[in-house]
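Read the structure below first, then the notes.
The values are calculated or read from the model by the stated rules, or taken from the named source; none is laboratory data. Everything numeric in this text was worked out from a predicted model, so none of it was measured. Note that we place each Cβ from the backbone using ideal geometry, even for glycine, and neighbour counts take in every protein chain shown.
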Amino acid sequence: MALKEGDFVKIDYSIWRNSDNTLVRTTNKEAAEKSGVHDHEARYGPQLVVVGKDNTIKGISDTLKGMDTGQSKKFELSPEQAYGERNKDLVRVMPLSDFRKRDMDPLPGMQIDLDGAIATVVSVNSGRVMVDANHPLAGEKITCEVKVVDRIDDQKDKVKAAFERFGLAPSSLELNAGSAKVAFDSKVKKDSDFLINKANAVGFAFAYIDSLKSIKVEEEYSKEAEKAAEDAGAA
């Protein structure tokens, strides 16, 4: 059955920059390591996408429509279909003192949070820092290779996938008449990342699962697990 807007699918993909044929993004860990683009903080393997929604670039989302499970496609995308054209207004020069006040030592290539947007430090000269808030691939033509690994139709599995998308694996999950109960036992680390990812997962689930009416999240804590986490952090 061909994919349509709103379908939950897991895809593998790779993206090359056309200007130099460089692999810049991939879900394949081995390919990332071989090409020198491996990110130790990234989660490799098939990624969850909701077809036709704003959680992936337009060109990939449009291409997924009409594809089927197991199917692969390789295609080129213009900047408009990918990461957009470059916007010169997103490039600006800031005083180095602004960074010093934040205890930051800016270096070319460093990515920083600039007023809620991710920006890249372009240069540091004479007490001035040039930063660029354009996406690193803005203005670039790219080539994509996408494979539809799986389609998720079961509503309970959709809720589970929403949490897994943000790196959270529920210890148990129940769904009844549009109400979900998601539990995380004491083995799951409850740090600041957990709180942020939990909120993002709940928002994602409500945004893309129309039948979902409520989500109850249960968290279990144990003194032993908390002490182990503290000891690990102090080591």
**Fill in**
Taking the stretch 1-19 and keeping residues modelled with pLDDT under 95 and acidic (Asp, Glu) leaves Glu5
**Message:** Exactly one condition in (1) farther than 30 Å from Thr63 by Cα; (2) among the charged types (D, E, K, R); (3) assigned to a loop (DSSP other than H, G, I, E, B) is false for Lys181; which is it?
**Reply:** (3)
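Looking at the stretch 184-195, is at least one residue at positive phi and among the small types (Gly, Ala, Ser)? Write out each step before concluding.
From the stretch 184-195, those at positive phi are none; that's our starting set.
No, the stretch 184-195 contains no residue that is at positive phi and among the small types (Gly, Ala, Ser).
Is one or more of the residues making up the stretch 92-105 outside the structural domain of Ser14 (by TED's automatic domain parsing), under 26 Å from Leu23 (Cα atoms), touching a strand residue (DSSP E or B) at 6+ places or on another chain (Cβ under 9 Å) and not β-branched (Val, Ile, Thr)? Write out each step before concluding.
Of all residues in the stretch 92-105, those outside the structural domain of Ser14 (by TED's automatic domain parsing) come to 92-105.
Filter once more, keeping what is under 26 Å from Leu23 (Cα atoms): none.
Taking every residue of the stretch 92-105 in turn, none turns out to be outside the structural domain of Ser14 (by TED's automatic domain parsing), under 26 Å from Leu23 (Cα atoms), touching a strand residue (DSSP E or B) at 6+ places or on another chain (Cβ under 9 Å) and not β-branched (Val, Ile, Thr).
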**Request:** For Asp185, indicate whether it is free of Cβ contacts under 8 Å to residues at least 12 places away in the same chain and either exposed (fewer than 15 other Cβ atoms within 10 Å of the Cβ) or over 30 Å from Lys74 (Cβ atoms) (or both).
**Result:** no
**Message:** Quick check on the stretch 197-205. Is at least one of its residues closer than 21 Å to Pro46 by Cβ, of a type in the set (Phe, Trp, Tyr) and not assigned by TED's automatic domain parsing to the domain that holds Glu41?
**Reply:** yes
